[in-house]
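> Next up is a structure, given as structure tokens.
The values are calculated or read from the model by the stated rules, or taken from the named source; none is laboratory data. Keep in mind that what you see is a predicted model, and the values were worked out from it rather than measured. So basically every Cβ, Gly included, is an ideal-geometry build from the backbone, and we count neighbours across all protein chains shown. What goes into the accessible areas is simple: the full protein's heavy atoms, side chains included, and nothing from ligands, DNA or RNA. Shrake-Rupley method; radii C 1.70, N 1.55, O 1.52, S 1.80 Å.
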Number of protein chains: 2
Amino acid sequence: MKPKEKARKMAGRPEADGTHPQLLPIGVIRSSIKQRSEAPKQGSEGAPDAWLEVNPLVAQGFDGLAVGDHLIVVTWLHRARRDVLKVHPRRDRSRPLTGVFATRSPDRPNPLGLHPVTVSEVGKNRLRIGPIEAIDGTPVVDIKPVLGGGQST
Amino acid sequence: MKPKEKARKMAGRPEADGTHPQLLPIGVIRSSIKQRSEAPKQGSEGAPDAWLEVNPLVAQGFDGLAVGDHLIVVTWLHRARRDVLKVHPRRDRSRPLTGVFATRSPDRPNPLGLHPVTVSEVGKNRLRIGPIEAIDGTPVVDIKPVLGGGQST
């Protein structure tokens, strides 16, 4: 089967009623951070670089990425809680409970992480990226180049 | 494995093995843009404001959002193709085929859209946001405040 067909087949799974789309991981983070408790709250707060291991089914989609590229890596924060709608920002109990969509808490109905990173190495089926606070084993679901517009993440 | 679990797994259904997480829409875009062909390629390219209708199941999560907030709205681009791994950037055939992860094409294995927007009105169970190029009916899967770091989307 051609890679394109494989990707289509996997992507084409379930989605029975079209209202609960299912994600296909395109890669996984390999990091020295092994526990959520070790992870900084943001990449800019002292996070390390990590490898992004590419899912061979979608490896073609990585063609054109190069050292020095600024990317937004979108992860699925698999250790987060999906049943939380209010949090104390930055786990600071002195701050009032706030709706999760007004915070960057990983706990939220769809725990997607947005990570602005720079590519420092391009290997066979992997990219060195950082800084990134995602823990080892975190699935990657999308990657996009940063646009020049100057809007912040 | 219990029979019920096994049946679900065989059916390829949601998150049976944790590797294909399923998204829960937290809202939907109500826009004057009805067709993909009418949509600008980026919000900054002349897109209108739109309503984000909140899913009542997760309405609490919106508490704390206010007029003037700068947000990243994450959508599921439901009309995109998931079986595409290479595209001509901006559909310009004079540009070489490029891996989708090096482009902002909506066509990609997980067609997530990232939209930097400003909140212009907060209504009962809806937010006025823009500019946003997503078409009417596009599911919204996450919202995050923009961080001050100055990295671009």
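> Which residue, of A:Arg30, A:Arg91, A:Arg82, is open to solvent by 80 Å² or more (accessible area, probe 1.4 Å) and more than 21 Å from A:Ile143 (Cβ to Cβ)?
Going through A:Arg30, A:Arg91, A:Arg82 in turn, just one is open to solvent by 80 Å² or more (accessible area, probe 1.4 Å) and more than 21 Å from A:Ile143 (Cβ to Cβ): A:Arg91.
> Filter the stretch B:48-68 down to residues that are under 15 Å from the mean Cα position of the chain (by Cα) and aliphatic (A, V, I, L, M), then give me how many there are.
3
> Then there is this: Report yes if some residue within the stretch A:49-57 is modelled with pLDDT of 95 or more, within 17 Å of A:Gly113 (Cα to Cα) and part of a loop (DSSP other than H, G, I, E, B); otherwise report no.
yes
> Does the stretch A:69-81 contain at least one residue that is more than 14 Å from the chain's Cα centre (by Cα) and either part of a loop (DSSP other than H, G, I, E, B) or more than 8 Å from every other protein chain (Cβ to nearest Cβ) (or both)?
Scanning the stretch A:69-81 turns up at least one residue that is more than 14 Å from the chain's Cα centre (by Cα) and either part of a loop (DSSP other than H, G, I, E, B) or more than 8 Å from every other protein chain (Cβ to nearest Cβ) (or both).
> With the requirement that a residue be open to solvent by less than 10 Å² (accessible area, probe 1.4 Å) and either free of Cβ contacts under 8 Å to residues at least 12 places away in the same chain or over 17 Å from B:Gly61 (Cβ atoms) (or both), what does the stretch A:94-113 give you?
Once the filter is applied, which keeps residues that are open to solvent by less than 10 Å² (accessible area, probe 1.4 Å) and either free of Cβ contacts under 8 Å to residues at least 12 places away in the same chain or over 17 Å from B:Gly61 (Cβ atoms) (or both), the stretch A:94-113 yields only A:Phe101.
> Now for a different question. Filter the stretch B:127-149 for residues that are among the β-branched types (Val, Ile, Thr) and in a strand (DSSP E or B); which is farthest from the chain's Cα centre (by Cα)?
B:Ile129
> Looking at (1) in contact with a strand residue (DSSP E or B) (Cβ under 7 Å, 6 or more places away or on another chain); (2) free of Cβ contacts under 8 Å to residues at least 60 places away in the same chain; (3) open to solvent by less than 30 Å² (accessible area, probe 1.4 Å); (4) not acidic (Asp, Glu), find the lone condition where B:Ala50 falls short.
B:Ala50 satisfies all of (1) in contact with a strand residue (DSSP E or B) (Cβ under 7 Å, 6 or more places away or on another chain); (2) free of Cβ contacts under 8 Å to residues at least 60 places away in the same chain; (3) open to solvent by less than 30 Å² (accessible area, probe 1.4 Å); (4) not acidic (Asp, Glu) except (2).
> On to the next question. A:Ile135 fails exactly one of the following numbered conditions: (1) over 20 Å from A:Asp63 (Cα atoms); (2) of a type in the set (A, V, I, L, M); (3) open to solvent by 40 Å² or more (accessible area, probe 1.4 Å). What is the number of that condition?
For A:Ile135, the failing item is (3).
> So A:Val117 clears everything in (1) surrounded by fewer than 22 Cβ atoms within 10 Å (Cβ to Cβ); (2) touching a residue at least 24 places away in the same chain (Cβ under 8 Å) except one condition, right? Which one?
(1)
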